[in-house]
Structure formats: structure tokens, C-alpha cells
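The values are calculated or read from the model by the stated rules, or taken from the named source; none is laboratory data. The structure displayed is predicted, hence computed values, not measured ones. Glycine gets a Cβ as well: all are built from the backbone with ideal geometry, and neighbour counts include every protein chain shown.
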Amino acid sequence: MRVHHLIPPWFKQYRPEWLAGDAIAAFIASMMLVPQALAYAALAGLPPYLGLYAGLLPLVGYALFGSSSVLSVGPVAVLALMTASALSPIATPGSAEYINGAILLALLSGLILLAMGFLGLGSLSNLLSLPVVDGFISGAAILIIVGQIAPLLGVENSGDTALEILLSTLSNISSTDPQTAILGVAALLSLICARLGLPVVLIKMGITPPRARLLSRLAPMLIVLLAILFTILFHWGKEIPVVGDIPGGLPELKMPTFSLGLIHQLILPALIIALLGFVESLSIAHAIALRRGEKLNASAELRGLGAANLLSAFSGGFAVTGSFARTAVNDEAGAKSPLSGVIAAVLIALVLLYAARIFTELPVCVLAATIIVAAANLINLRAMALHWHYDRTDGLAMAGTLLGVLLFGVETGIGLGIGLSFATLIWRTSRPHIAVVGRVPGSEHFRNVLRHTVKTQPGILFLRIDENLFFSNISAVEERLLIEVKRHQNPHDLVLILSSVNRIDSTAIERLQQINRDLQEHDIRLHLAEVKGPVLDRMGRSRLLQELSGRVFLSSYIAELALRRHQINVEDSKSNESLPPAKST
């Protein structure tokens, strides 16, 4: 392979004037990443410093293979929660076995993503519909918030579901540590005020709205540093839980230890993490690409995320994906290319080399406050209302996924969501829309008689089927055909318009043949119109076209002209038969 093939396309087109924007965006994004990485590692049940490892090389891996100019890859709350959910039944959080499991989970996710990228299987992400993803993320966010109340207040909790964790926290509320609770709640309120009120204050001071939003996003880092400073000055570390030792220096590159049994236990969670991470990452990258007028390559995104997860695993991190918040910051700060991610990785490396010890005195309750505020931003009430208003089945899928996560856990919740998605799909396709249509006067177009003013022909019934025909819906189609035939007085021709039918399975073909025979017994001819080429080819492999009592027409308009002409000829023939024989002269 030639060396220049390994050089990312964006690097070949890089312009020197982009460097300032990339550097500024990298600095702001890395200042956000440090507290988030520590917090999300703790959320995953891992030593907090592993979050910095997961925020280092993945940025470089994505920059080499990804296609988005601004996507910021690293630890995120939802994947951290899924990591904890997958590993908690296997090992004790924080133990060597647990850490090794998290690394292996990232490795498996990376391999799955890479395989999907090289095979062009980005469509597999469609297994997770938007309502399911929204429901899962909102449910996971609530679960995260409920789980972080205990460390925020300095109490113990246990349980697997949101209800169990909440009840456990409330039962132990009397043992709240006052100093921890005061510091945690103060940090929480400060973060909330910074998110909601600081941009308004900065705008009133004359700062432009985009810059005000950027500065407000640095508030978590400032609050973390202030908490560390007060902890050092007042020796709070002796009285409240803090992060503790953080190994200095860069992570050591190595392979995780694994066994076939462990891989068997983690392969399904790894697949779910890979799919969900890809959907979450692609959605934010796609939105920004549209706004910037850039093209996004789904296969390249898969390869970029796969490389990011592999490098996270090799450097001792856990599963990563694109971050909504940090990507938005990258975009707002003026990032021009993935070089901003590479620069951010260099800054994280400098933190690990020279500033890691600073974070050893970070109170755990402040980390909990950081997680709660970040998770609250993931709860999408507007999406819930929109899905429910637009389509009740989508709303039910979203609500079912959310409740499944809260009541039964992460993996069960997303499994329930996928099941509900397929159930709603089957429900919809098994009840196809069938319209009685007629011709719009003065045109060749046929439309629904219930929605448009149209002209129909006596004795000729036009029905349009707006769904593929297969085993689960052909009975409903047959039932509707019989109802419409009985409803219309003495039809002698039935035309099925198949313009929306892309596929007919063998069961549906057999039933259509039977429908043709049944109609023929009642002197009703069955015709087909606007049949697509591939569908007509499949019909040719059956006996339907040979046995068809009517004809196959290119269009509905041609069918109407031909059947009207035939009807006139038949009526003329009958009229001539009724006349007395002509006398010879």
C-alpha cells in the first residue's frame, strides 16, 4: 500500500489559516473533556484517571479515519453507563478484572465498528429507530441522575434499576454526610447557574452570544479547579471522598487479557454499544455537516469510531463515541478540520504528564454534580412530545424504551425498544393502506376518492395498494378487496394499482392467484396496473400472469381507456344482438 493512501484527505487539503481556529477549539474542548472524562470513568465504575486515557488516543484514531471536520470523540455518559451495566454482573467495580473487562468491551466494540465500516454495513444502525434512541438516552440520563444522588450527598446506595437505586438512596438518606452534601449541592447549583444564567450575564456585558455560550461551557472546569483548590487549602480530603491517586505519565500501550468465556459474555453488550455509539455519533456529525455544507461518509465514520475504540482499548481506556456537547463546542469555537482533535489529544497528554496530580484532590461529590448536570441535558422532553404527537406507535416505542431502562435496566430497556420498533413495523405493514381511486377530471392522474374530486367509471373498480405484499398482510388485502367489490354495484373489472409495491413474496402471489380465480367465478376480471419491473419479473416466475383473467396495463389511465372501450364494444354488441334481423332487399 502506498504511503500517501494512509494520509487523511483533510490533511492533504489543509490550509495554514485554519490553524488558529483549530487550536482555539481544541483548547476549549479539552478543558471540557478533562472534568467530563474523570466523571464518566467514575460513572462507568472505573478509576477516574482512565477517563483521561479514553480521551487521548481515540481523538487521533478518529482524525485519521473519520469524515467529520468537528466531531469530538471520547467518553460519554450513556456509553459509560452501558459499560457499568455490562460489567457489574461480572466483576467488582474498580477491580483489575472489571478494568480488563472495560478494556475488552472497547476492543470488541472497535472491531465490530471496523468490520461494519469495511463491509459497508452502516444500515445496521437502522435497527435503532430515532424514538428508541431518544427514549433510551432519556431513560439512561434519568438512571444516571438517580444513581449520582448518593455520591452527591455522601450516602451509600445499591440496586440495578432506577427504582431500586432511588429507594436505596432514600432509605440511607439519614446517613448523609453534611460536608459532602453541602459541597456537592453547592457545586450542582453553581453548574446549573453557569449553564442557564452565565450566558445571559455575559451577553449583557457586551459579549457576543456565540462567545458567551463558549465561555459558559468552561464553567465546569473552573468549578472543578475551585473545588480542588478549597480541598487542598482546607484539607477536606481527610473528611470527604476524593478521586485519589492518578498515575503520572502517558498510558502504556498493551492488549487486554481475555478468554472465550469472557468474550461470549461481552459480545452482545459490545454490539449494542457499537450500534448506539454509531447512531449517537452520526446524528450529531450529520447535523453539523448539513449546516456546514460538508459531505459525511457513513463507512468512514464507522472506521473512525472503530479506530478510536481500538486505540482506547490499547491505551487502557473504555468505549468511546462522539460527544454532543464537545462537538457543539468544537463547531462554535471555529474548528476547521480534525486537526482540532489531534491538538486536543496533545493537550490531554500534557495534562497527564504534568498536571495529573492536581486532580487527585478533586471531591467525588463534585464529580457527581458534573455528571448530573451533563445527564440532565440529555433528557429530551420535546422529542417525547413530538414523537407522541406525530405517531402514537413511535411515542409508545419511545415511552416503552424509557420505562424499560428505568424499570428493568439498560440492556433490557434497549432490547425492549428494538422489539417495540419491530412490533410497530409489523403492525403497520400488516395493515396496508388501500385506496379506492378515480381519475382527476382533465388529467391522467388517479387519486383517492375520499380526498379528491375524481371521476369513476361504472362497473370498473380501481384500487391502489400502498404497501409491499407479503404473508402477514395479504389476508388484510384480500378482505379489503372483497369488501370493496361488495360495496360497488356489479363491478365487472377490478384494477389493482401496484405503483407502491416493491416486493411480493410467494405467499402473497399464491393468494393473488386464488383471488383471481374467486373473482373469475363471479364474472369479475382482475387487472394489474403500474407494476414495477422487478415485481413483474417475479410474477413471471409464477402462474399468476398465465392465469390472470384480465391484463397488465402500463398505467391506470391506459387501463381506464382500454376498459371503457371494451365496455362500449360489449354494450354495442349486446345492443346489436337485441335488434331484429335486417330484411333482405
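Report those helices (runs of 4 or more DSSP H) wholly inside the stretch 152-209 carrying at least 3 residues which are within 24 Å of W236 (Cα to Cα) and in contact with a strand residue (DSSP E or B) (Cβ under 8 Å, 6 or more places away or on another chain). Reasoning before the result, please.
Values: elements: 162-171, 178-196, 198-204.
Output list reads 178-196.
Here's the yes/no breakdown for (1) within 22 Å of the chain's Cα centre (by Cα); (2) surrounded by fewer than 17 Cβ atoms within 10 Å (Cβ to Cβ); (3) modelled with pLDDT under 90; (4) of a type in the set (D, E, K, R):
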position	(1), (2), (3), (4)
R357	no, yes, yes, yes
P363	no, no, no, no
V366	no, no, no, no
T370	no, no, no, no
L381	yes, yes, yes, no
H387	yes, no, yes, no
Y390	yes, yes, yes, no
L396	yes, no, yes, no
L402	yes, no, no, no
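Out of the stretch 367-401, which residues are part of a helix (DSSP H, G or I), of a type outside the set (V, I, T) and closer than 23 Å to A39 by Cβ? Break it down stepwise before answering.
First, the residues of the stretch 367-401 that are part of a helix (DSSP H, G or I): 367-376, 381-390, 392-401.
Narrowing the set further to residues that are of a type outside the set (V, I, T) leaves 367-369, 374-376, 381-390, 392, 394-400.
Matches in the stretch 367-401: L367, A368, A369, A374, A375, A376.
Tell me the residue from I273, I284 that is surrounded by 15 or more Cβ atoms within 10 Å (Cβ to Cβ) and over 22 Å from L50 (Cα atoms), please.
Of the residues listed, the single one that is surrounded by 15 or more Cβ atoms within 10 Å (Cβ to Cβ) and over 22 Å from L50 (Cα atoms) is I284.
Conditions (1) in the same structural domain as N490 (by TED's automatic domain parsing); (2) among the hydrophobic types (A, V, I, L, M, F, W, C), marked per residue:
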position: L402; (1), (2): no, yes
position: L407; (1), (2): no, yes
position: V410; (1), (2): no, yes
position: G417; (1), (2): no, no
position: V440; (1), (2): yes, yes
position: P458; (1), (2): yes, no
position: L463; (1), (2): yes, yes
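Which one of the conditions (1) assigned by TED's automatic domain parsing to the domain that holds G304; (2) at pLDDT below 95 does P9 fail to meet, given that it meets all the rest?
Failing condition for P9: (1).
Quick check on this structure: which one of L233, L266, L282, L260 is within 16 Å of the chain's Cα centre (by Cα), of a type outside the set (D, E) and in the same structural domain as A187 (by TED's automatic domain parsing)? First the steps, then the outcome.
Values: L233 fails: within 16 Å of the chain's Cα centre (by Cα); L266 fails: within 16 Å of the chain's Cα centre (by Cα); L260 fails: within 16 Å of the chain's Cα centre (by Cα).
Matching residue, one of L233, L266, L282, L260: L282.
Are there any pairs, at least 6 apart or on different chains, whose C-beta atoms fall under 6 Å, with the first in the stretch 531-549 and within 19 Å of D493 (Cβ to Cβ) and assigned by TED's automatic domain parsing to the domain that holds V495 and the second modelled with pLDDT of 90 or more and assigned to a loop (DSSP other than H, G, I, E, B), and if so, which?
V531/L498
Can you work out which of the residues in the stretch 82-98 that are surrounded by fewer than 22 Cβ atoms within 10 Å (Cβ to Cβ) and touching a residue at least 12 places away in the same chain (Cβ under 8 Å) is nearest to V133 (Cα to Cα)?
Step one: list which residues in the stretch 82-98 are surrounded by fewer than 22 Cβ atoms within 10 Å (Cβ to Cβ), which gives 84, 88-98.
When the remaining residues are screened for being touching a residue at least 12 places away in the same chain (Cβ under 8 Å), the result is 84, 88, 90, 93-94, 98.
Details: A84: 19, S88: 23, I90: 26, P93: 27, G94: 29, Y98: 27 Å.
The selected residue is A84.
For the stretch 499-519, indicate whether the set of residues that are under 22 Å from P441 (Cβ atoms), in contact with a Gly (Cβ under 9 Å, 6 or more places away or on another chain) and assigned by TED's automatic domain parsing to the domain that holds F446 is non-empty.
No; the residues of the stretch 499-519 include none that is under 22 Å from P441 (Cβ atoms), in contact with a Gly (Cβ under 9 Å, 6 or more places away or on another chain) and assigned by TED's automatic domain parsing to the domain that holds F446.
Would you tally the residues in the stretch 503-540 being in a loop (DSSP other than H, G, I, E, B) and of a type outside the set (A, V, I, L, M, F, W, C)?
6
Output the strands (runs of 3 or more DSSP E) that fall wholly within the stretch 432-482 and possess 2 or more residues being surrounded by fewer than 17 Cβ atoms within 10 Å (Cβ to Cβ), or say none.
In the stretch 432-482, the matching strands (runs of 3 or more DSSP E) lie at 446-448.
Since P251 meets every condition but one in (1) in a helix (DSSP H, G or I); (2) crowded, with 19+ Cβ neighbours inside 10 Å, which condition does it not meet?
Of (1) in a helix (DSSP H, G or I); (2) crowded, with 19+ Cβ neighbours inside 10 Å, only one is false for P251: (1).
Within the stretch 198-219, is there a residue that is modelled with pLDDT of 90 or more and crowded, with 19+ Cβ neighbours inside 10 Å?
No, the conditions are met nowhere in the stretch 198-219.
Looking at L79, L46, L71, L59, which one is in contact with a strand residue (DSSP E or B) (Cβ under 8 Å, 6 or more places away or on another chain), in a loop (DSSP other than H, G, I, E, B) and buried (at least 24 other Cβ atoms within 10 Å of the Cβ)? Outline the logic, then answer.
Values: L79 fails: in a loop (DSSP other than H, G, I, E, B); L46 fails: in contact with a strand residue (DSSP E or B) (Cβ under 8 Å, 6 or more places away or on another chain); L59 fails: in a loop (DSSP other than H, G, I, E, B).
The match here is L71.
Could you please give the count of residues in the stretch 330-344 that are part of a helix (DSSP H, G or I) and buried (at least 24 other Cβ atoms within 10 Å of the Cβ)?
Final tally of qualifying residues: 4.
Kindly indicate the residue of the stretch 117-135 that is over 16 Å from the mean Cα position of the chain (by Cα) and assigned to a helix (DSSP H, G or I) and also nearest to I414 (Cα to Cα) among those meeting that condition. Working first, answer last.
In the first step, residues of the stretch 117-135 are kept if they are over 16 Å from the mean Cα position of the chain (by Cα); the result is 117-120.
Checking the rest, the ones that are also assigned to a helix (DSSP H, G or I) come to 117-119.
Values: G117: 23, F118: 26, L119: 25 Å.
This residue is G117.
As an exercise: evaluate T424 against (1) surrounded by 18 or more Cβ atoms within 10 Å (Cβ to Cβ); (2) in contact (Cβ under 8 Å) with a residue 40 or more places away in the chain; (3) assigned to a helix (DSSP H, G or I); (4) out of contact with any Phe, Trp or Tyr (no Cβ under 7 Å at 6 or more places or on another chain) and give the number of the one condition it does not meet.
(2)
Between I223, I246, which is assigned to a loop (DSSP other than H, G, I, E, B) and buried (at least 19 other Cβ atoms within 10 Å of the Cβ)? Quick ask: steps written out before the conclusion?
On the way: I223 fails: assigned to a loop (DSSP other than H, G, I, E, B).
It is I246.
Cβ-Cβ under 7 Å, sequence separation 6+ or interchain: first residue in the stretch 255-275 and farther than 11 Å from G101 by Cβ and of a type in the set (A, V, I, L, M), partner at pLDDT 95 or above and not in a helix (DSSP H, G or I). Which pairs?
What qualifies is I273/A319.
Could you please find all residues in the stretch 483-530 being basic (K, R), out of contact with any strand residue (DSSP E or B) (no Cβ under 8 Å at 6 or more places or on another chain) and either surrounded by 15 or more Cβ atoms within 10 Å (Cβ to Cβ) or in contact (Cβ under 8 Å) with a residue 12 or more places away in the chain (or both)?
Going through the stretch 483-530, the residues basic (K, R) turn out to be 486-487, 503, 511, 517, 525.
Then drop every residue that is not out of contact with any strand residue (DSSP E or B) (no Cβ under 8 Å at 6 or more places or on another chain), which leaves 486-487, 511, 517.
Result: R511, R517.
Only one residue in E479, E467 is more than 30 Å from S443 (Cα to Cα) and at pLDDT 90 or above. Which one?
Details: E467 fails: more than 30 Å from S443 (Cα to Cα).
Step by step, each of E479, E467 is checked, and only E479 is more than 30 Å from S443 (Cα to Cα) and at pLDDT 90 or above.
Answer yes or no as to whether L305 is touching a helix residue (DSSP H, G or I) at 6+ places or on another chain (Cβ under 8 Å), loosely packed, with under 15 Cβ neighbours inside 10 Å and closer than 26 Å to A375 by Cβ. Before you say what the answer is, go through the steps one by one.
Working: touching a helix residue (DSSP H, G or I) at 6+ places or on another chain (Cβ under 8 Å): yes; loosely packed, with under 15 Cβ neighbours inside 10 Å: no; closer than 26 Å to A375 by Cβ: yes.
Criteria not met by L305.
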